[in-house]
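Structure, as structure tokens:
The values are calculated or read from the model by the stated rules, or taken from the named source; none is laboratory data. Nothing here was measured: the structure is a model prediction, and the numbers come from that model. Don't worry about glycine lacking a Cβ; one is built from the backbone with ideal geometry, like all the others, and counts go over all protein chains shown. Only protein heavy atoms, including side chains, enter the accessible area calculation; ligands, DNA and RNA are left aside. Shrake-Rupley method; radii C 1.70, N 1.55, O 1.52, S 1.80 Å.
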Amino acid sequence: MKKTMLTGVRPSGNLTLGNYLGAIKNFVDKQEQFNSYIFLADLHAITSYIEPQKLKTAVQNSIAMYLACGVNPEVTTIFKQSDVLEHGTLGFIMTFQTKMGELSRMTQFKSKSSQQSKEGVDTGLFVYPTLMVADILLYNTAIVPVGKDQQQHVELTRDLAERFNKRYGDTFEMPDVYVAPIGNKILNLQNPLEKMNKSDNGDNKGTIFLLDDIALAKKKIMSAQTDSFNKVHFDEENQPGISNLMSILSKITDETFESIEKRFENKGYGEFKKEVAEVVANLLTDIQTKYHKYNNEEVLNEILKKGAEKASIVARETLQRATKALGLN
Ligand code: TYM
């Protein structure tokens, strides 16, 4: 029997190149080897205020985007988190197993809450990792492909699963995180000391969105911040901008860093960037063509309906196991 692989993405019509290279591509490449689930983390999207209509549109666009990125609904179960009510219940239960200190230590919480502190920090931001714990444990997940920024949350999942199993008896499968060696943290093109994020201080010059206009995406790569070494060389510490572009190129084409360095020996950054821009443009063109083809409300709703039915069966079984272990039924 195949082991289970699961990942989730907060719904946004504006998925980034970071989301694709750091998580979705790794999922797609492995989907046939596993019993695979990908879900729209729409409950995670409301941990901070989002306009309801915006959320609704984002959900539909995101499923079309998963398909455009290569998620195959014949192989993978695609569903929306809020369609499977067990996520909320197990999320609640797992919150009660968690120490305040464990959640305060989460680096995502620390960085995001510091941005919010003027108006007070949303509790959603504080407890969302335990919802993520439930997302993973409900499906007896063996492997969770994510970018580096989510690794700590999967580690928390392991800690909580172990604690629960010790206290209440063997209930949950222990998941492993899969963070790919290349592309696990795509950096902001304008500030390669920061991660490429969906929101990018307003001007978005450092973030490539999968739905960006192709000419604009190329321009973003061409104007990426680099350094004055003038050597195409992988050195994340001293040459973060160039190393980031090398990771992008390598992750899309599978070419090794050594081979890239060799080909661009004695060549300028302009030529190197031009190639990266071309490769990204081809990727985006392909994804966008498929995105428009798949963005059909009826078909997408059908996929979600089937996905929720399938996911619910497993989720219900796991939740029953957990509530029984707790003495609730
Ligand atoms: P989210 O929506 O922020 O990001 C989705 C996936 O994209 C990865 N990612 C990146 N990888 C490399 N470079 C980047 N610049 C970059 N930006 C984002 C993220 O690591 C993630 O894998 N809480 C999660 C969603 C979630 C989830 C889950 C994931 C909810 N429940 C259960 C796995 C399993 C989130 O907000 O991801």
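Listed values, structure above:
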quantity: Single residue of region 1-17 satisfying the filter (more than 7 Å from the ligand (Cβ to nearest atom) and basic (K, R)) that is most open to solvent (accessible area, probe 1.4 Å); calculated: K3
quantity: Subset of region 97-155 that is more than 8 Å from the ligand (Cβ to nearest atom), in a helix (DSSP H, G or I) and hydroxyl-bearing (S, T, Y) - its residue that is most open to solvent (accessible area, probe 1.4 Å); calculated: T123
quantity: E173 vs. criteria touching a helix residue (DSSP H, G or I) at 6+ places or on another chain (Cβ under 9 Å) and at negative phi; calculated: yes
quantity: Residue in region 165-176 that is within 13 Å of the ligand (Cβ to nearest atom) and either at pLDDT below 95 or within 16 Å of the chain's Cα centre (by Cα) (or both) present; calculated: yes
quantity: Unique match (being farther than 23 Å from V28 by Cα and at pLDDT below 95) among D235, D203, D213; calculated: D203
quantity: Residues of region 173-194 satisfying the condition of being buried (at least 19 other Cβ atoms within 10 Å of the Cβ) and touching a Gly at 6+ places or on another chain (Cβ under 8 Å); calculated: V179, G183, N184, I186, L187, N188, L189, Q190, P192
quantity: Qualifying residue in region 214-231 (condition: more than 30 Å from N266 (Cα to Cα) and either small (G, A, S) or out of contact with any Gly (no Cβ under 8 Å at 6 or more places or on another chain) (or both)); calculated: no
quantity: Pairs with Cβ under 8 Å, 6+ apart, first in region 34-58 and farther than 17 Å from F79 by Cβ and hydroxyl-bearing (S, T, Y), second modelled with pLDDT under 90 and within 10 Å of the ligand (Cβ to nearest atom); calculated: none
quantity: Residue within region 18-36 that is outside any helix (DSSP H, G or I), in the same structural domain as V59 (by TED's automatic domain parsing), at pLDDT 95 or above and surrounded by fewer than 20 Cβ atoms within 10 Å (Cβ to Cβ) present; calculated: yes
quantity: Test: K54 is more than 9 Å from the ligand (Cβ to nearest atom), closer than 24 Å to K205 by Cβ and open to solvent by 50 Å² or more (accessible area, probe 1.4 Å); calculated: yes
